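The values are calculated or read from the model by the stated rules, or taken from the named source; none is laboratory data. The shown structure was predicted, so the numbers you read here are calculated from the model rather than taken from an experiment. We place every Cβ from the backbone using ideal geometry, glycine too, and count neighbours over all the protein chains shown.
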Amino acid sequence: MVTALPVESTSESAPEPTRGASSSGSVAASYGRDDEPLAGYLTLVGTYLIGLAGLGAIARWRKVAWPEQISVADLALVAIATHKASRTIAKDAVLSPVRAPFTRFKGAAGPGEVNEEVRGRGLRKAVGELLTCPFCLDHWVATAFVAGLVAAPRPTRLLASILTARSGADFLQFAYAAAERHAAHTPTEG
């Protein structure tokens, strides 16, 4: 049985942690969030940084030449693909089993998308917040795409092209549906 912890009244400023306090709970309490996901966030940030260092080590071991710059075309391709990949991970109904350990279904959000509520505490809550937030995922996905452009540009461009084409197709689907709605409400001359 889960019981709620008593919540102290909120004030304009949270109490300062005691000197020498080392627990993340005291830092979280002084931060002012009742759900205390800060340690989970720190774990995610550490995971990201370790992954980034790992990518750098692999690139160095493989003697990958770092590009002086990324072309505007590649940057546009990766930006659109990052948007679509992040939105797919965070909202796509078909990927809900991936998010299910961290979320609870709330309802449909639009064509092929769902609204979910993050559940749990600590790391579970932090992962849930990451997986349900397309804006939060953008950084992770963009890093993967840029790393792919450096290490394996051809397959990365292929994957990014698929996601970019899917974004374009989605916009066309919405435009078509809007045109149909407009036509249905427009009186015909006769």
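Of everything in region 149-165 that is part of a helix (DSSP H, G or I), modelled with pLDDT under 95 and not β-branched (Val, Ile, Thr), the residue that is farthest from Asp92 (Cα to Cα) is Ala151. Exactly one residue out of Ala126, Ala151 is over 18 Å from Thr47 (Cβ atoms) and hydrophobic (A, V, I, L, M, F, W, C): that is Ala151. Residue-level analysis places Arg181 outside the set of residues that are of a type in the set (D, E, K, R), in a helix (DSSP H, G or I) and either closer than 19 Å to Lys84 by Cα or in contact (Cβ under 8 Å) with a residue 60 or more places away in the chain (or both). Where helices (runs of 4 or more DSSP H) fall wholly inside region 37-122, the ranges with 3 or more residues that are in contact with a Lys or Arg (Cβ under 9 Å, 6 or more places away or on another chain) and either of a type in the set (A, V, I, L, M) or surrounded by fewer than 17 Cβ atoms within 10 Å (Cβ to Cβ) (or both) are 72-91.
Thr132 falls short on exactly one of the conditions (1) out of contact with any strand residue (DSSP E or B) (no Cβ under 7 Å at 6 or more places or on another chain); (2) surrounded by 15 or more Cβ atoms within 10 Å (Cβ to Cβ); (3) modelled with pLDDT of 95 or more, and that condition is (1). No other residue among Arg154, Arg99, Arg87 is basic (Lys, Arg) and closer than 23 Å to Leu55 by Cβ apart from Arg154. Identify, from the list Ser161, Ser167, the residue that is surrounded by 12 or more Cβ atoms within 10 Å (Cβ to Cβ), farther than 30 Å from Ala57 by Cβ and touching a residue at least 12 places away in the same chain (Cβ under 8 Å). Only one candidate qualifies: Ser167.
Is there any pair with a first residue in region 126-140 that is closer than 14 Å to Ala100 by Cα and a second that is basic (Lys, Arg) and part of a helix (DSSP H, G or I) whose Cβ atoms are under 9 Å apart and which are 6 or more apart or on different chains, and what are they? Sorted first by the residue in region 126-140, then by its partner, the pairs are Gly128/Arg99; Leu131/Arg99; Thr132/Lys91; Thr132/Arg99.
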